[in-house]
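Structure first, commentary second.
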Amino acid sequence: MRVHVFGGFLGAGKTTFIRAAADYLTERGERVAIITNDQAEGLVDTTLCADRAPVFEVAGGCFCCRYGELERALESAKAGGATVVFAEAVGSCTDLVATVLSPLCARSADVQVAPLSVVVDPLRLSDALEGGGSSDLAYLFRKQIEEADIVLLSRADLDPPDVRAKVAELSPDAVVVPVSGEDGSGIEAWYGAEPSSPSRTLDIDYERYARAEAELGWANAEVTFSSEDAFAPKVILEAFLNAFAGEPVAHVKLVSTSPEGGYGALVGGRGEPRTHTTKLPQSVARLCARINARIARKPEDVEDSVVRAVEAAARAAGVARAGAGPTPSGAAPIHVVWDRLQCFSPAAPVPTYRHRIRCCAPEVGACCAAFYDRPDVRLLLGESFHPGGTALTRRVADEMGLETGARLLDVACGTGESLVALRNSHGIVGVGLDESVVAAAALDDGAADGAVHGLVHEAQPGPVDDTSLHHGDAHALPFPDDGFDAVLCECALSTFGAPALALSEMARVLRGGGRLAVTDVVVNGSLPASLAAWDELGTCLPGARTLASYRGLIEAAGFEITASWEEPAAITEILGRIKRNLVGLALAASAGGLGAGGTAGRGGLGVEGGGQGSAFGPGDMRVDVRAARSALREAGEAVEEGVLSYGVFLAKKVASAHAGDPVDPCTTPPEKSA
């Protein structure tokens, strides 16, 4: 199931485009579902989209703050048979890459997350960038564009100004596509757009973001107009919208909830409201309407404006009785009944998850590798970077049935401890691949092909050609097809930007019937806050999954699962190791080798890291020993409660038609395409 997340400011034209895109994909055989989102219940967009596809509404906050509800909506869409889901975020929301797209990539094995599409109204761009007089609103608007993978310039049917240069200043790598939800132009180009590189997570000031949202007053209402004599609903619609002339409107919408439909919208920066009244009957005795108003005023002022506009609409409809001209003498009045009226300003955003590094972005693996390269992190973890250490590695090898002489590839091998252990215990011929600086530093500078023979830290002497390390990318393994008898990947799949692609590469280099062993962190529920903060630092936690999710991912890559189980003792082992090594870290800090702060950083173990893309060094991270001990206790409790665990997955590759005798990956270079 492919998920398209849409961002963009209030009134940019997101819903109109989504309705048209739903028609486009439905005609091509896709089963579309739509997820709408608002700060409160009663969203006009939910009503508008209901005639296009099944609609699920996430209310009470933006997707980032109601992430669990978003996941449940996606599960419902999938259960209903959806192949494509459009998720339209609240128009005052930003930071979607870090709080929505990246968590979706990390947590949902069966969801393909499309590039982030941000809808921008060219007719309002200049005014919006100036914030209509509000620097905070302008800041919010800029951030929405900055994080876009694809910028959709709406209103193409109105011949808007060319603003591509302005957009490029804010998001130079984004694909820019002019579109119109009214005539459908640009939809095909949007659906086929492929950004050259995904956008990174935002550097954003959440206090300023909150101030910008708080400048907007919100009103959601349900109102019924009725009379003993017929009146024209079109007059109600137009008079209501026209009553907001001169207001600092973000957008105002009114939709008829009657089966016939009909709706209208007023968007700030333009004089005339846009209405769709073709479905409205000429006259009715009763009209039920849903209203959304987003205006840069205090909530109580917005409430006054909405009430006055409704009263003005009732008066106007009374004056222009359908087909009767001026109100006939003695005509019954038009009554207004408020079924619901809710006015407020949005609360400050508090995301459920926020990833500093974008999962599924190509650079995520390098960022994770950089994190684990840091000397203080290595000191905390010790010789082995994965839970259970080499003892678990040898046990897994026993379960795999590794035989002497088997060619084994260790993907994300670090400095090769597991390869050395298995060479000594099982007699394997080991090849390791890693993209970390530590692994690169271990390579023989004189080896032209990037291999080093005989690891420098091997415990026992052995043949010089039985173990080699390579520096490379798990998503593009530099080895030929069918070259290995077994592949090992320990506590690394969760850190890969595209784990499905990495697994497909592992399947490619395995011979038919070859064995795969994956071990990784398993999360069953919500982590303690101190550990959830590690999501931002490039660790494995953002990509950790449930046992079932890992199984699905592995099976989808062409493997048959032969065994899987949880190994919580492995987490307990690494927590104990970190606790012991914490003493060494404190001693190193006191000697001036590493920083140790008196206050906790952003990370769960009292760790704080440099920004995205920065080069990590010893001074980039401080460890608060007290905070670290507290986090270790919480992690231990999470293990006891079953929230935090470690998974082991054994599988075999389903034999392919071309599978035959394996070739030696160390002597046979991969074929190069012409």
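Ignoring ligands, DNA and RNA, how do T415, T393 rank by accessible area with a 1.4 Å probe, largest first?
In descending accessible area the options line up as T415, T393.
For the pair S258/D157, report the inter-label distance in nm, with labels modelled 7 Å from Cα in the Cβ direction.
The two pseudo-label positions are separated by 2.4 nm.
Report the extension gain between V654 and E188 in nm, rounded to one decimal, defined as 0.36 nm multiplied by the number of residues separating them, less their alpha carbon distance.
Full extension from V654 to E188 adds 164.0 nm.
What is the extension gain from S564 to N581, computed as 0.36 nm multiplied by their sequence separation minus the C-alpha to C-alpha distance, in nm to one decimal?
3.1 nm
At R0 = 45 Å, how high is the FRET efficiency between D398 and D203 if r is their beta carbon distance? Nearest 0.05 is fine.
In this case the efficiency is close to 0.40.
A165 to R274: FRET efficiency via 1/(1 + (r/R0)^6), r the Cβ-Cβ distance, R0 25 Å, to the nearest 0.05? Mind dumping the intermediate values first?
Working: r = 27 Å, r/R0 = 1.07.
E(calc), rounded to 0.05, equals 0.40.
In whole angstrom, note down how far apart the Cα centers of region 3-52 and region 159-194 are.
18
Could you give the length gained on full extension between V336 and A245, defined as 0.36 nm per residue of separation minus the Cα-Cα distance, in nm?
The span from V336 to A245 would gain 30.6 nm if fully extended.
How many nm is it between the label spots at A556 and D173, if each spot is 7 Å from the Cα in line with the beta carbon?
If labels sit at A556 and D173, their model points lie 2.4 nm apart.
Tell me which lysines have Cα within less than 19 Å of K298's Cα, excluding those fewer than 8 residues away on the same chain?
Reachable lysines: K253.
When ranked by the protection proxy of mean other Cβ atoms within 10 Å per residue, highest first, what sequence do the peptides 501-512, 343-354 form? Please list the in-between numbers first.
Numbers: 501-512: 21.3, 343-354: 17.7.
Result, highest mean Cβ count within 10 Å first: 501-512, 343-354.
The values are calculated or read from the model by the stated rules, or taken from the named source; none is laboratory data. Please read all numbers here as calculations on a predicted model, not as lab measurements. Please note: Cβ atoms are built from the backbone with ideal geometry, for glycine as well, and neighbour counts cover all protein chains shown. Please note that ligands, DNA and RNA were not included when accessible areas were found on the heavy atoms of the full protein model with its side chains. Shrake-Rupley method; radii C 1.70, N 1.55, O 1.52, S 1.80 Å.
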